[in-house]
Amino acid sequence: MIDVKESSREIFLLVDGHAVIYRAFYAFPKELTTPTGQLINAVYGFSRILLTAIRKFDPVYLAVTFDHPKPSFRREEYQDYKAHRPEMPDDLKPQIKLIKRVVTSLNIPQYEVEGYEADDLIGTISKRLDQDHQVLTIIATGDKDTLQLVDHNTQVWIPGRGRHGQEVLYTPAKVTEKFGITPEQIIDLKALMGDASDNIPGIKGVGKKTATKLLKKFTDLNQLYQAINSHSLTWPQGAMLKKLEQGEEQARLSRKLATIDTKVPLEFSLEACKVSGYDK
């Protein structure tokens with residue numbers, strides 16, 4: 001059992017629907033079908049992860065967020081955003097409706113807003129919950145982008161892959177232990193090194209090790225470029241300094257793309273998310 005810090009507070013379990021769906025789809029075997037032959041590995045895997053999280057954290061409040069089928073605002077900012085990602089597999093598409101039926105049957109509110117991704121809705125809800133210090137938010141996801149949201153009021157739970165995978169609960173201290181930087185610096189890390197999975201460019205030639213070293217020295221992107229523009233650096237110098245100077249525009253664009261929007265226009269009620277009975 002994972003130890004949830006500050007367990008005296010009421011827990012809001014916030015599930016990143018699409019991230020968990022994809023994790024389930026690739027983790028569970030395609031031999032899982034209904035008697036009629038319909039593939040349900042993602043439905044089974046999603047339900048298993050969701051019910052495991054409910055048992056583990058015993059939430060008082062619960063909600064699931066989904067990506068909207070239409071592209072997010074990030075595609076308008078950068079046409080190649082997520083351009084390299086393959087289309088949703090044909091054998092996963094029919095399972096989405098079934099998964100949403102599972103969520104509905106469990107009487108869990110679902111959130112989906114055109115122009116935004118599931119983690120934008122998670123960010124918005126979690127920041128609104130920050131105003132109520134009686135609530136500890138646990139984000140259930142397979143997407144480490146949400147680590148930027150981790151703070152005193154928000155933790156991120158990433159379930160293990162399949163039956164024997166190792167789960168991780170990220171607190172601020174755990175993020176620093178794992179990545180060597182604070183949750184707030186996760187965005188700047190992606191701004192510098194990019195993210196191939198989302199096709200976020202970052203700065204060419206800057207990898208994770210260099211990006212982490214830069215953030216330890218300069219804290220964030222703004223302070224880094226203030227130091228560069230002051231022409232008083234002892235490090236970085238030479239080729240790396242040139243890469244940073246030439247890549248500033250890309251870095252700032254990448255930071256914008258990597259930042260979870262916490263101000264989505266969203267009708268949200270904490271009371272409506274209170275765990276209640278379900279349709280057996």
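The values are calculated or read from the model by the stated rules, or taken from the named source; none is laboratory data. No experiment lies behind these values; they were computed from the predicted model shown. Glycine also receives a Cβ, built like all others from the backbone with ideal geometry; neighbour counts cover every protein chain displayed. Accessible surface areas use protein heavy atoms only, side chains included; no ligands, DNA or RNA. Shrake-Rupley method; radii C 1.70, N 1.55, O 1.52, S 1.80 Å.
When we screen Leu244, Leu224 for residues that are touching a Pro at 6+ places or on another chain (Cβ under 8 Å), farther than 27 Å from Asp119 by Cα and in contact (Cβ under 8 Å) with a residue 12 or more places away in the chain, the only hit is Leu244. Residue-level check: of (1) open to solvent by less than 20 Å² (accessible area, probe 1.4 Å); (2) among the hydroxyl-bearing types (Ser, Thr, Tyr); (3) under 24 Å from the mean Cα position of the chain (by Cα), Ser269 misses just (1).
Kindly indicate whether any position in the range 122-138 is in contact with a Cys (Cβ under 9 Å, 6 or more places away or on another chain) and either surrounded by fewer than 24 Cβ atoms within 10 Å (Cβ to Cβ) or closer than 17 Å to Ala63 by Cα (or both). Talk me through it step by step, then tell me what you get.
In the first step, residues of the range 122-138 are kept if they are in contact with a Cys (Cβ under 9 Å, 6 or more places away or on another chain); the result is 125.
So of that shortlist, the ones also either surrounded by fewer than 24 Cβ atoms within 10 Å (Cβ to Cβ) or closer than 17 Å to Ala63 by Cα (or both) come out as 125.
Within the range 122-138, one or more residues are in contact with a Cys (Cβ under 9 Å, 6 or more places away or on another chain) and either surrounded by fewer than 24 Cβ atoms within 10 Å (Cβ to Cβ) or closer than 17 Å to Ala63 by Cα (or both).
The test for being in a helix (DSSP H, G or I) and either free of Cβ contacts under 8 Å to residues at least 24 places away in the same chain or hydrophobic (A, V, I, L, M, F, W, C) (or both) does not hold for Arg128. In the range 142-193, of all residues being farther than 16 Å from Val15 by Cα and β-branched (Val, Ile, Thr), the one that is surrounded by the fewest Cβ atoms within 10 Å (Cβ to Cβ) corresponds to Thr176.
Yes or no: the range 81-97 includes at least one residue that is more than 20 Å from the chain's Cα centre (by Cα), open to solvent by less than 70 Å² (accessible area, probe 1.4 Å), modelled with pLDDT of 95 or more and of a type in the set (A, V, I, L, M, F, W, C). So far as the range 81-97 goes, yes, one or more of its residues are more than 20 Å from the chain's Cα centre (by Cα), open to solvent by less than 70 Å² (accessible area, probe 1.4 Å), modelled with pLDDT of 95 or more and of a type in the set (A, V, I, L, M, F, W, C). Of all residues in the range 228-252, which are in contact with a Lys or Arg (Cβ under 9 Å, 6 or more places away or on another chain) and surrounded by 15 or more Cβ atoms within 10 Å (Cβ to Cβ)? Those that are in contact with a Lys or Arg (Cβ under 9 Å, 6 or more places away or on another chain) and surrounded by 15 or more Cβ atoms within 10 Å (Cβ to Cβ): Pro236, Lys243, Gly247, Gln250. A Cβ distance below 8 Å, combined with a sequence gap of six or more or placement on separate chains, defines the contacts here; from the range 197-213, residues that are of a type in the set (Lys, Arg) reach residues that are assigned to a loop (DSSP other than H, G, I, E, B) and surrounded by 13 or more Cβ atoms within 10 Å (Cβ to Cβ) in the pairs Lys204/Gly247.
Restricting the search to the range 50-80, which residues are open to solvent by 90 Å² or more (accessible area, probe 1.4 Å) and either closer than 25 Å to Gly160 by Cβ or of a type in the set (A, V, I, L, M) (or both)? Of everything in the range 50-80, those that are open to solvent by 90 Å² or more (accessible area, probe 1.4 Å) and either closer than 25 Å to Gly160 by Cβ or of a type in the set (A, V, I, L, M) (or both) turn out to be Arg55, Asp58.
Residue-by-condition table, conditions (1) under 16 Å from Ile158 (Cα atoms); (2) part of a strand (DSSP E or B); (3) in contact (Cβ under 8 Å) with a residue 24 or more places away in the chain:
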{"site": "Leu13", "(1), (2), (3)": "yes, yes, yes"}
{"site": "His18", "(1), (2), (3)": "yes, no, yes"}
{"site": "Lys70", "(1), (2), (3)": "no, no, yes"}
{"site": "Tyr81", "(1), (2), (3)": "no, no, yes"}
{"site": "Pro86", "(1), (2), (3)": "no, no, no"}
{"site": "Val102", "(1), (2), (3)": "no, no, yes"}
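If the condition is being at pLDDT 60 or above, touching a strand residue (DSSP E or B) at 6+ places or on another chain (Cβ under 7 Å) and of a type outside the set (A, V, I, L, M), then the range 1-18 contributes Arg9, Glu10, Phe12, Asp16, Gly17.
When Gly37 is tested against the conditions (1) open to solvent by less than 60 Å² (accessible area, probe 1.4 Å); (2) modelled with pLDDT under 95; (3) within 20 Å of the chain's Cα centre (by Cα), the lone failure is (3).
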